[in-house]
1. From the C-alpha coordinates alone, can you work out the Kirkwood hydrodynamic radius of the stretch 52-206, in Å?
2. What's the exposure ranking of VAL52, VAL109, VAL158, VAL174, going from fewest to most Cβ atoms within 10 Å?
3. What's the local net charge at GLY81, with K and R +1, D and E -1, over the other residues with C-beta under 15 Å away?
4. Taking loop as defined by DSSP and a crowding limit of 11 other beta carbons within 10 Å, which trypsin sites (Lys or Arg not before Pro) in the stretch 90-171 fit?
5. For a footprinting-style exposure proxy, rank VAL121, VAL155 by other Cβ within 10 Å, fewest first.
6. Kirkwood Rh over alpha-carbon pairs of the stretch 116-181, then Stokes-Einstein at 25 °C and 0.890 mPa s: what D in µm² s⁻¹, rounded to an integer?
Amino acid sequence: MTLWLMNENNLAKLAKAEAEVIAAHFGLMKKRDAENAVTEYTKIAEETVATVEQMRNYLKAKNPAVAQSVLDMIPLYLSEGAAEGIRGDIAFAQSCLETGNFAFKGSAVTLDQNNFCGMGVTRRGMKGNSFGMPQLGIRAQIQHLKAYANGEPLVNPVIDPRFRYVSRGCAPYVEWLGIQENPQGRGWANGAGYGKKILAILNSITSTKA
């Protein structure tokens with residue numbers, strides 16, 4: 001043992017091992033662990049967290065003039081999301097982003113289109129897709145989110161006109177919905193920080209009193 005300790009390389013190994021034991025004992029993270037720490041992302045295919053009341057109260061605070069028809073359709077985000085295993089509150093937060101909190105100012109779509117996510121607006125000046133009723137527009141949005149989230153089959157018949165264009169499962173996290181942040185260079189929108197903008201709205205919704 002004494003001869004082993006006389007070797008400088010062995011002493012260095014021993015010192016390193018002792019340091020790691022001490023760090024583990026006191027709950028300290030080694031530098032290399034910190035560098036390799038995995039960021040926790042927000043899954044799209046999970047149970048909804050926000051309630052209908054939180055979503056309504058958030059929207060009324062942001063847009064006091066919001067149409068009553070919009071407030072009435074909010075439960076559809078949860079029911080349609082639950083049917084496909086997709087977080088309806090994420091879809092609602094996305095709609096708030098895409099429509100300017102349903103004020104539709106500067107938006108490519110209008111309320112009467114029942115398109116609350118800019119679906120089909122692939123370039124400036126395009127009108128986008130239209131749906132016969134709010135439920136169908138929300139269902140199409142949920143289906144499109146599911147296309148990005150995973151490769152599982154749809155529960156309801158497909159009505160999303162752009163479902164077939166998505167590389168299934170390429171964006172399982174909200175953070176990856178933006179093309180610029182997606183590891184595969186795919187996603188819902190090209191704008192920088194698209195997913196983070198949705199999450200900022202979502203966090204505000206879940207922090208709203210019911």
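1. Hydrodynamic radius (Kirkwood, Cα pairs) of the stretch 52-206 is 15.4 Å.
2. Starting with the residue having the fewest Cβ neighbours, the order is VAL158, VAL52, VAL109, VAL174.
3. After counting each charged neighbour, the total is -3.
4. For trypsin sites (Lys or Arg not before Pro) across the stretch 90-171 that sit outside H, G, I, E and B with at most 11 neighbouring Cβ atoms in 10 Å, the list reads LYS105, ARG123, ARG124.
5. Lowest to highest Cβ neighbour count: VAL155, VAL121.
6. 196
FYI, it's all coordinate maths here, none of it is from the lab. On a predicted model such as this, the values are computed, not experimentally measured, just so you know. Neighbour counts run over all protein chains shown; Cβ positions are idealised from the backbone, glycine included.
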